[in-house]
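Each remark here refers to the structure printed beneath this line.
Values quoted throughout were computed directly from the atomic coordinates according to the rules given, and no laboratory measurement underlies them. In this text, all values refer to a predicted model and were calculated from it rather than measured experimentally. Neighbour counts are summed over all protein chains in view; Cβ atoms, including those assigned to glycine, are modelled from backbone coordinates with ideal geometry.
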Amino acid sequence: MLKSDNQSGEAPQFIAPVIQDNPTGWGPCEMPEQFRDMPYQPFSKGDRLGKISDWTGAVLQDKKYAIKYASQFGSGSQYAYYHEEDESTFHLVDTTRVQKPPYQRGRFRPNQRNMRGRGGRGGAQTGGMQALGKGLKARDTYKRNQIKKWGQGRPQIKIRDASVTVKPDWVTIEEMDFPRLGKLSLPNIKDGDDIMLCGELEYYDKAYDRVNVKNEKPLQSVNRIFHTVTTTDDPIIRKLSKTEGNVYATDTILSTIMCCTRSNYSWDIVIEKIGDKLFFDKRDNTEFDLLTVNETSVEPPQDDSSVLNSPRDLALEATFINHNFSQQVLRTGPGEPKYKFENPNPFISDEEEGEIASVGYRYRKWDLGSGIILVARCEHDAMVQTPNGELQFLTIKALNEWDSKLANGVEWRQKLDTQRGAVLANELRNNACKLAKWTVQALLAGSDQIKFGYVSRAHVRNSSKHVILGTQQYKPHEFATQINLNMDNAWGILRCIVDIVMKQKDGKYLIMKDPNKPMIRLYDIPDNTFESDGESESDDDVPQDSAAFQGLYPYNKS
């Protein structure tokens with residue numbers, strides 16, 4: 001220590017500090033005066049050093065190692081608060097309700113009259129209590145086994161792959177998480193106005209309304225061509241883009257965006273901005289049109305499962321079932337009537353061989369406000385004639401059962417005829433996104449009814465043969481209310497994405513659902529991304545790969 005006396009002018013002097021040396025122990029020899037009255041927590045050299053001080057007791061302890069940092073001398077009461085004057089009269093009042101365990105919440109309420117019986121009934125009462133004890137013991141054993149199953153035997157959910165690989169030169173413009181998207185709303189969007197109607201529809205066979213579990217029908221393989229043409233390959237949309245609207249899409253693409261907050265699997269959509277126009281497209285040679293299976297289940301299908309029940313094979317199976325069911329339930333015999341729109345199917349080419357599936361294309365437009373006019377191609381699957389002679393448009397979809405034990409479902413053959421509501425509720429849990437997308441497509445197209453078919457495997461280990469167990473139909477607006485589908489929110493999500501892309505420069509963009517997080521991302525991608533050398537540049541060319549599903553499913557030999 002340096003000390004100087006400026007008045008005397010002497011040189012600074014060094015005064016050595018007092019050092020306490022403890023050659024036989026650890027720590028200071030005596031307590032400094034300024035620390036003499038301070039509370040002190042005893043410790044030993046073997047204690048773990050985890051905290052400087054603990055003012056809260058056991059509140060923030062490590063649950064796995066509750067006494068990991070505890071002193072061997074105990075916690076002590078030196079930090080407890082005592083008022084010097086009235087500590088004897090001071091006490092805390094705990095007004096919180098004591099939570100009872102589940103088995104004490106009213107599930108077992110013995111009949112008091114039976115318990116007041118004569119002495120001869122005492123044995124019965126004791127036996128009942130013993131039976132209850134056995135039941136509780138059995139339930140505890142079941143819970144322990146379930147914990148072991150979850151902790152050891154249950155396969156862990158793997159990290160999902162993205163639908164497209166994000167390149168280093170892609171620029172992230174926006175990240176939109178689902179909680180924020182769920183709060184968007186664009187109310188008062190009126191039904192779309194028809195611009196053009198194309199194709200022809202067959203009539204629904206009402207005999208399938210009488211199908212049930214006891215009177216099941218085998219699902220047939222209907223060899224028909226289904227067109228899944230993207231937006232910019234559609235010759236009608238190309239023509240309409242010169243005179244109508246400034247945002248263009250298909251009902252499948254729109255439903256994917258509008259129901260994005262219910263999706264778990266990754267998907268992507270390409271957006272091209274040309275001047276003040278936006279074109280929403282799906283990429284070529286992708287699985288965008290395949291139907292997901294148990295996407296929103298607590299235990300979705302895993303890739304490491306058998307080939308029969310892997311996510312992709314289940315998607316192929318579900319798409320195969322939907323295509324065949326939607327055509328089998330129609331009146332297709334010779335001489336059966338058809339409902340023809342004023343314009344023919346725009347995707348039929350002279351080179352195409354085979355029968356075309358029943359489909360009616362409805363090109364419609366919606367005013368989303370602020371100069372945004374949406375033009376989209378929507379689809380009907382069939383027509384139906386009501387008892388009073390009214391003609392109605394139908395959207396036909398199929399729910400499929402693959403393995404109720406693996407899918408955490410209910411046995412359709414046991415419940416479908418008597419508890420159809422329970423079966424549908426289970427499907428709403430496991431396939432919330434798929435059902436919402438189907439409902440949005442029916443609403444966009446203006447279908448009067450949406451018809452659901454219940455199709456199950458003939459045998460649980462054979463994905464090539466199926467049977468129809470029943471049908472059910474709803475009005476799309478009523479079904480949307482039942483599944484809590486808010487169209488104001490759906491329009492709000494679409495309008496939000498449109499507004500963001502409209503502010504960008506001309507070019508190509510991509511929306512992708514994060515494979516493992518509840519969010520979507522918007523990327524600015526190079527203009528030549530996803531383009532192939534063999535692409536046709538003629539505006540009037542009909543796409544050659546329009547029948548995308550033909551030959552895709554390897555089991556359609558029933």
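Note on W366, W26: ascending count of other Cβ atoms within 10 Å places them as W26, W366, the fewest first. Each residue of segment 454-469 is assigned a 3J(HN,Hα), and the resulting list reads 9, 10, 10, 5, 5, 9, 4, 9, 10, 8, 9, 10, 9, 10, 8, 9 Hz, derived from the Karplus form 6.51 cos²θ - 1.76 cosθ + 1.60 (θ = phi - 60°), x at Gly and Pro.
Across the cross-link table entries K190/K434; K397/K503; K365/K503; K475/K503; K338/K415, which are compared at the Cα atoms, the separations over 30 Å belong to K397/K503; K475/K503; K338/K415.
With equal scatterers on the alpha carbons only and no solvent term, can you work out the Debye log10 of I(q)/I(0) for segment 197-287 at 0.10, 0.18 1/Å? With one equal scatterer per Cα and no solvent, log10 I(q)/I(0) is -0.46, -0.98. The Cα center of segment 446-464 and the Cα center of segment 343-417 differ in position by 13 Å.
In whole percent, what relative contact order does segment 316-429 give with Cα contacts below 8 Å and a gap of six or more residues? Before the final figure, lay out each step's value.
Values: 91 pairs, mean separation 23.1, N = 114.
Reported relative contact order: 20 percent.
Each other residue within a Cβ distance under 9 Å of Y509 adds +1 if Lys or Arg and -1 if Asp or Glu, for a net charge of 0.
For the peptides 200-210, 498-508, 309-319, the ranking by packing is 309-319, 200-210, 498-508, with the highest mean count of neighbouring Cβ atoms within 10 Å listed first.
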